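Visitor: Handing you a structure now.
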Amino acid sequence: MEVSMDMLHHSGIQATHYLQASYPGSQDWFLFISFAADLRNTFFVLFPIWFHLCQAVGIKLIWVAVIGDWLNLVFKWILFGQRPYWWVHETNFYHNTSAPTIQQFPVTCETGPGSPSGHAMGSAGIYYVMVTAILSIILGNKQPSWKHRLLQTVLWTAFWAVQVCVCLSRIFLAAHFPHQVIAGVISGMLVAESFQSIHSIYNASLRRYLGTTLFLFCFALGFYLLLKVLGVDLLWTLEKAKRWCERPEWVHLDTTPFAGLLRNLGVLFGLGLALNSPMYMESCKGKQGQRLAFRLGCICASLAILHLFDSFKPPAKVELLFYLLSFCKSAAVPLAAVALIPYCVSQLLSQQNKKTV
């Protein structure tokens, strides 16, 4: 088993070395793709756009992103996946030959286990939701015509083009092995497809959001503590990241497993608060909620304000404080996009209507 995994990892190292050696000028492109595939962009960009165009799709995006990333964390803790940038230094596979030279980049040194790829899994799940939503909105109950089939072909071709770019990016940056990104894409699509038949998320109460958030947190924390009592440290990758990363400043606290967990749970909890708030009911569910001007205003205001909000980085000197502030910051994102901003836009449009009357 160990020999076969070494061969699998060796082939992955060769793939990384080939991409880095053959396409050195593509570094900025692959860095951009890796940045674009981060779940932060789902929360700060895609979610506010989709929510105010089609609320059901926006809600599904959050659930797929959060549950998918939570499952990704559990899978990573179970599978104990290596990452190329440290495996190439620790393996005995190259004891008779020199190991291939692997470059590192500012986003290479993620601190969690490597399998499956979180970027690939998140990207596959999110884009799967968007493609199926577009097709469902346009096609509806109509009989598929050649135009619809053409649209399906174009959208699914674009979907797979994005996934290939994300996978190549993670391999190029030495953050993942090829089998890890493939597993991520398949897992992400399965998570997104499973939510196609779950309709209860669209009318979930605050109690359900709170219960789901607590369950996900307690399960992850309990799993971590149980294995720690049994002598298994699920944070074993932190030492490897600090040891083998070329630059200490490339090791970021926000890439640790618990940072990602609390960030995602904060978003889910914040969405539950927002959807069950009086401000949301008065604005998005009121008379203004159906107006195009209101929706476009909410989208523009949300993108601008959330962009400024994203620039706030919680201080990383005290871990517990960092985790707490990350949770609060994430919870504030859907609260702002779903409740606070729409309420302000609604009030502003109402004032303008009164002046024109």
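Visitor: Does ASP28 satisfy the condition of being within 11 Å of the chain's Cα centre (by Cα) and of a type in the set (D, E, K, R)?
Guide: Considered against the rule, which asks whether it is within 11 Å of the chain's Cα centre (by Cα) and of a type in the set (D, E, K, R), ASP28 comes out as no.
Visitor: Oh, and also: Would you point out the residue of region 308-325, among those that are of a type outside the set (A, V, I, L, M) and touching a Phe, Trp or Tyr at 6+ places or on another chain (Cβ under 9 Å), that is surrounded by the fewest Cβ atoms within 10 Å (Cβ to Cβ)? Let's see the steps before the verdict.
Guide: Filtering region 308-325 down to residues of a type outside the set (A, V, I, L, M) leaves 309-315, 317, 319, 322-323.
Retained after the next criterion (residues that are touching a Phe, Trp or Tyr at 6+ places or on another chain (Cβ under 9 Å)): 309-310, 314-315, 319, 323.
On the way: PHE309: 15, ASP310: 15, PRO314: 18, PRO315: 9, GLU319: 12, TYR323: 20.
Only one residue tops the list, namely PRO315.
Visitor: Okay, moving on. If the requirement is being closer than 15 Å to PHE43 by Cβ and either open to solvent by 20 Å² or more (accessible area, probe 1.4 Å) or free of Cβ contacts under 8 Å to residues at least 12 places away in the same chain (or both), which of these qualifies: CYS328, CYS300?
Guide: The match here is CYS328.
Visitor: If you take the residues in region 34-59 that are of a type outside the set (A, V, I, L, M, F, W, C) and free of Cβ contacts under 8 Å to residues at least 60 places away in the same chain, which one is surrounded by the fewest Cβ atoms within 10 Å (Cβ to Cβ)? Talk me through it step by step, then tell me what you get.
Guide: Initial filter on region 34-59 (of a type outside the set (A, V, I, L, M, F, W, C)): 34, 38, 40-42, 48, 52, 55, 58.
Among the residues that remain, those that are also free of Cβ contacts under 8 Å to residues at least 60 places away in the same chain are: 41, 58.
Working: ASN41: 16, GLY58: 22.
Only one residue fits best here, namely ASN41.
Visitor: Let me ask something else. Determine which member of the set VAL229, VAL164 is open to solvent by 60 Å² or more (accessible area, probe 1.4 Å) and over 21 Å from SER115 (Cβ atoms).
Guide: VAL229
Visitor: Which condition breaks for SER326 when tested against (1) at pLDDT 95 or above; (2) more than 23 Å from ASN203 (Cα to Cα)?
Guide: (1)
Visitor: When region 213-226 is examined, which residues are found to be without any contact (Cβ under 8 Å) to a residue 24 or more places away in the chain and either among the hydroxyl-bearing types (Ser, Thr, Tyr) or open to solvent by less than 50 Å² (accessible area, probe 1.4 Å) (or both)?
Guide: Selection gives GLY222 alone.
Visitor: Take the residues in region 232-275 that are of a type in the set (Val, Ile, Thr) and closer than 24 Å to GLU90 by Cα; name whichever of them is surrounded by the most Cβ atoms within 10 Å (Cβ to Cβ). Give the steps one after another, and end with the answer.
Guide: Residues of region 232-275 of a type in the set (Val, Ile, Thr): 232, 237, 251, 255-256, 267.
Going one step further and asking which of them are closer than 24 Å to GLU90 by Cα, we end up with 232, 237, 251, 255-256.
Working: VAL232: 12, THR237: 23, VAL251: 18, THR255: 19, THR256: 21.
Only one residue fits best here, namely THR237.
Visitor: So, one more: Quick check on region 343-355. Is at least one of its residues farther than 30 Å from ASN72 by Cα, open to solvent by 50 Å² or more (accessible area, probe 1.4 Å) and charged (D, E, K, R)?
Guide: Taking region 343-355 first, the residues farther than 30 Å from ASN72 by Cα are 343-355.
Pick out the ones that are also open to solvent by 50 Å² or more (accessible area, probe 1.4 Å) and you get 343-344, 347-348, 351-355.
Imposing the further condition that a residue be charged (D, E, K, R) reduces the set to 354-355.
Yes, region 343-355 has at least one match.
Visitor: Let me ask you something else. Where residues in region 290-314 are part of a loop (DSSP other than H, G, I, E, B) and under 22 Å from the mean Cα position of the chain (by Cα), which of them is nearest to LEU262 (Cα to Cα)?
Guide: PRO314
Visitor: Hey, another quick one. Can you find even one residue in region 141-157 that is of a type in the set (A, V, I, L, M, F, W, C), assigned to a helix (DSSP H, G or I) and surrounded by 18 or more Cβ atoms within 10 Å (Cβ to Cβ)? Walk me through it before giving the result.
Guide: Of region 141-157, the ones of a type in the set (A, V, I, L, M, F, W, C) are 146, 150-151, 154-156.
In the following step, the residues that additionally are assigned to a helix (DSSP H, G or I) were identified as 146, 150-151, 154-156.
Next, from what is left, pick out any that are surrounded by 18 or more Cβ atoms within 10 Å (Cβ to Cβ): none.
Checked region 141-157: no residue is of a type in the set (A, V, I, L, M, F, W, C), assigned to a helix (DSSP H, G or I) and surrounded by 18 or more Cβ atoms within 10 Å (Cβ to Cβ).
Visitor: Keeping to region 177-212, report how many residues are β-branched (Val, Ile, Thr) and open to solvent by 50 Å² or more (accessible area, probe 1.4 Å).
Guide: Number satisfying all stated conditions: 3.
Visitor: Suppose we keep only residues that are touching a residue at least 60 places away in the same chain (Cβ under 8 Å) and open to solvent by 50 Å² or more (accessible area, probe 1.4 Å) within region 8-28. Which one would you say is nearest to LYS313 (Cα to Cα)?
Guide: GLN27
Visitor: OK, next. Of all residues in region 89-121, count the ones that are farther than 18 Å from ALA259 by Cα and crowded, with 24+ Cβ neighbours inside 10 Å.
Guide: So the answer is 1.
Visitor: Can you find a residue in region 73-84 that is open to solvent by 10 Å² or more (accessible area, probe 1.4 Å), closer than 28 Å to TRP156 by Cβ and in contact with a Phe, Trp or Tyr (Cβ under 7 Å, 6 or more places away or on another chain)?
Guide: There is no residue in region 73-84 that is open to solvent by 10 Å² or more (accessible area, probe 1.4 Å), closer than 28 Å to TRP156 by Cβ and in contact with a Phe, Trp or Tyr (Cβ under 7 Å, 6 or more places away or on another chain).
Visitor: I've got another one for you. Can you name the helices (runs of 4 or more DSSP H) wholly within region 178-266 that have at least 2 residues being more than 24 Å from PHE43 (Cα to Cα) and of a type in the set (Phe, Trp, Tyr)?
Guide: 206-229, 236-244
Visitor: Still on this structure: Which condition number in (1) open to solvent by less than 20 Å² (accessible area, probe 1.4 Å); (2) within 22 Å of PHE43 (Cα to Cα); (3) of a type in the set (A, V, I, L, M) is the one that ALA174 fails?
Guide: Among (1) open to solvent by less than 20 Å² (accessible area, probe 1.4 Å); (2) within 22 Å of PHE43 (Cα to Cα); (3) of a type in the set (A, V, I, L, M), ALA174 violates only (2).
The values are calculated or read from the model by the stated rules, or taken from the named source; none is laboratory data. Because the structure is a prediction, the values reported are computed rather than measured. Cβ coordinates were reconstructed from backbone atoms using ideal geometry, including for glycine residues, and neighbour counts include every protein chain displayed. Surface accessibility is based on the protein's heavy atoms, side chains included, excluding ligands, DNA and RNA. Shrake-Rupley method; radii C 1.70, N 1.55, O 1.52, S 1.80 Å.
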